[in-house]
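J.: Provided herewith is a single structure, encoded as structure tokens, for subsequent inquiry.
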Amino acid sequence: MKITKDKVIHVANLARLELDKASMETFANQIGRVIDYIGLLNTVKTEGVKPTTHAIFLTNAFREDEEKNHLNLKKTLSNAPEKEEEHFIVPKIIGG
Amino acid sequence: MNLYELTMQQAHRLLSEKEVSSQELTAAVIDRIKTVDEKTNAYITVAEKTAMEEARLADKIISEGNTLPLTGIPIAIKDLICTEGIRTTCASKILENFIPPYDAAVIKKLKNEGAVIVGKVNMDEFAMGSSTEHSSMKLTHNPWDLERIPGGSSGGAAVAVAADMCLGSLGSDTGGSIRQPASHCGVVGMKPTYGRVSRFGLVAFASSLDQIGPLTKNVRDCAMLMKVISGYDPSDSTSVPKDVPDYTLLFQDGLKGITVGIPKEYQSTKGLNPEVSAAIKSAVRTIEAIGADCIEVSLPHVEYAVAAYYVIASSEASSNLARYDGVKYGFRDKGNGNLLGMYRSTRSKGFGTEVQRRIIIGTYCLSAGYYDAYYKKASQVRTLIMEDFSRAFKTCHVILSPVAPTPAFKIGEKYDDPLTMYLSDIFTLSANLAGIPGMSIPCGFSSEGLPIGLQIMGNHFNEEVMFKVAHNFEKATDFHIQKPVL
């Protein structure tokens, strides 16, 4: 399937990426080739085959619901690009 | 013999007999890094100060007579395993200054043994790649030929072991990222069964495929590290509550009663280098000569593994990497000033091109209207691949194959051609899809003197039998003893 430049821009937008216009053509071509190759899957008969999302037989990993020490505030905020007192700072969201 | 050349097992003996101190050993390793790493660029961060402090502590433990197998042993860590207080970059600009506030489960286990963390080693950004060329930090060179790639994504980890810049290392393997660089650098590398080792504190790429594992100078060292890092961890709900055997105690000689399977599909793989093919055939003959029976097995769906893998891994990656939004940690670029602009600008400037490519492929495969055609289809093919392996393991104990279709390729050779790069993982990624363990051990050299690895795959939680085959092969050969000259 041919993947258009517009499609790549649309999907990039869904993933919150803005693509560099200069490398757009190469990028769309490379992605197109990979998507074409993936199309090989359509030649496999999979009717009635259950999908696998987890390779090991494990279900319902329960644990006790107990109080535990977690990262303290100082550590939690230690890598924040911008912070104030006990908060992460983000750009204005409402009315911006 | 220089101290940095020791295997973990040799070092453990000298340390417990107090012939050598961990401070001497660690200093020798750091000195070695300072001498040769300007050629290979394996390390992103050398944690000299904390390493020497850990060595001092280890010497104290040893003097008190409480030496454990890894006490005082200098280990290198792939730069996507969180180390408290030591920068963990994932070789990405987006985490360039990230200092984890906690240790990964495997790091805690190493520290509990008194191991020394020497530093953090290079990789493809977020482990996406097969050559370590997709690092935004530096370009790592193969010590056997500096013009070639070391393999990837755990390229730095493999180089650090091969060039004696640590005694052992931890990498991660999502589609071959431990085994392929181990093969290209002539060291031993193991991807354990999915769920054998806790992923807590491993920065996620594709959560249903990722697994941490060791890279070492020989098979016994690999077993030593496996014993320490394996086991159930309540912080990782996909880790499996199963006892961990002492792998090093299971090293019996001889392979009588062991059946090895050779997949017929792999013998006609397009692009399989004749020298690699010859080295694997010769390794199989050696293993037969030690007493194993050899049969042909069939894995009819492995030809679809690359396609299924790139759908599943990219889809999971696109979801996992959504967390990098410039808010809680890592790089931020304000962009046009509003929230969406900040997200877009942060992610576009913070992620490298390969990571962006995979996020777009993954988002495309998961997007409305395509989910059934790609993600669901790939997950069904994954089932068929798992069934192939479980059928094969009814007739054999281990499966042997090449690790990579060619020896290490030249830097730049596949950089602009993602699909060809992806196809170089053809022999390794089935094990990740099936969740089974796989390892690479040195089994030969090309005419240009480049290492070639043999892949041994086992059934779920059957690492013991793989170690048995690997140990016997290693005893009968000397490929693992040869070293690159730097």
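Derivation of every value follows stated rules applied to the coordinates shown; laboratory data play no part. Note that the structure is predicted; figures quoted are calculated from it, not measured. Neighbour counts run over all protein chains shown; Cβ positions are idealised from the backbone, glycine included.
J.: Counting only DSSP beta bridges with both residues in chain B, what percent are antiparallel, rounded to the nearest 5?
T.: If I count the DSSP bridges inside chain B, around 65 percent turn out antiparallel.
J.: Based solely on C-alpha atoms, express the radius of gyration and the Dmax of chain A in angstrom.
T.: 22.7, 58
J.: Evaluate peptide B:336-349: per residue, the Cβ atoms of other protein chains within 10 Å of its Cβ; return the mean as an integer.
T.: Average neighbour count from other chains, rounded to a whole number: 4.
J.: If you take every DSSP beta bridge whose two residues both sit in the stretch B:1-135, what share of them, in percent to the nearest 5, is antiparallel?
T.: 45 percent
J.: Further, regarding this structure: Between A:Lys75, A:Lys21, A:Lys45, where does the largest GNM mean-square fluctuation fall for chain A, given springs only between Cα atoms within less than 10 Å?
T.: A:Lys75
J.: Take the alpha carbon atoms of the stretch B:130-153, find their center, do the same for the stretch B:9-69, and report the distance between the two centers in whole angstrom.
T.: When both Cα centres are located, 25 Å separates them.
J.: Taking R0 as 22 Å, what FRET efficiency do you get between B:Lys270 and A:Val49 from their Cβ-Cβ distance, rounded to the nearest 0.05?
T.: E between B:Lys270 and A:Val49, to the nearest 0.05, is 0.25.
J.: Give a residue-ordered list of calculated ³J(HN,Hα) values for the stretch B:410-417 (Karplus: 6.51 cos²θ - 1.76 cosθ + 1.60, θ = phi - 60°; whole Hz; x for Gly, Pro).
T.: Result, ordered by residue: 6, 4, x, 4, 10, 4, 8, 10 Hz.
J.: Provide the percentage of antiparallel DSSP beta bridges, counting only those with both residues in the stretch B:3-256; round to the nearest 5.
T.: Counting only bridges with both partners in the stretch B:3-256, antiparallel ones make up about 65 percent.
J.: Any idea how far the Cα center of the stretch B:207-270 sits from the one of the stretch B:293-315, in Å?
T.: Cα centroid to Cα centroid, the span is 19 Å.
J.: Quick check: convex hull of the Cα atoms in the protein assembly as shown, volume per residue, rounded to a whole Å³?
T.: Each residue corresponds to 159 Å³ of Cα convex hull volume.
J.: What value does the stretch B:163-313 have for Rg/Rh, both radii from Cα atoms and Rh as Kirkwood defines it?
T.: My calculation puts Rg/Rh at 0.97.
J.: Once Lys and Arg get +1 and Asp and Glu get -1 on their Cβ, which of A:Asn79, A:Gly48, A:Gly32 lies farthest toward the positive end of the dipole of chain A?
T.: Result: A:Gly32.
J.: What are the principal axis extents of the Cα atoms in the stretch B:3-256, in Å, biggest first?
T.: Dimensions of the stretch B:3-256 along the principal axes of its Cα atoms: 44, 44, 42 Å.
J.: Still on this model: Could you work out, residue by residue across A:18-29, how many beta carbons of other chains sit within 10 Å of that residue's beta carbon, and then give the average as an integer?
T.: The per-residue average across the peptide is 2.
J.: Within the stretch B:58-145, how many lysine pairs that are 8 or more places apart, or on different chains, have C-alpha atoms less than 18 Å apart?
T.: So the count of such lysine pairs works out to 13.
J.: Among the helices of chain B (complete DSSP H runs), which have Cα atoms covering no less than 18 Å along the helix axis and a Kyte-Doolittle mean of at least 0.5?
T.: Flagged H segments are B:305-320.
J.: B:Val297's amide H: which non-local residues (gap 5+, or another chain) put their own amide H closer than 5 Å, with H modeled 1.01 Å from N in plane and none for Pro or chain starts?
T.: Placed amide hydrogens put B:Ile262, B:Lys264 under 5 Å from B:Val297.
J.: Which of the peptides B:319-325, B:335-341 is most tightly packed, and how do the rest follow, going by the mean number of other Cβ atoms within 10 Å of each residue?
T.: B:319-325, B:335-341
J.: Enter the angle in degrees (range 0 to 90, nearest 10) between the Cα long axis of helix A:5-14 and the first principal axis of the Cα atoms of chain A, meaning the one along which they spread out most.
T.: So the helix axis and the longest Cα principal axis differ by about 20 degrees.
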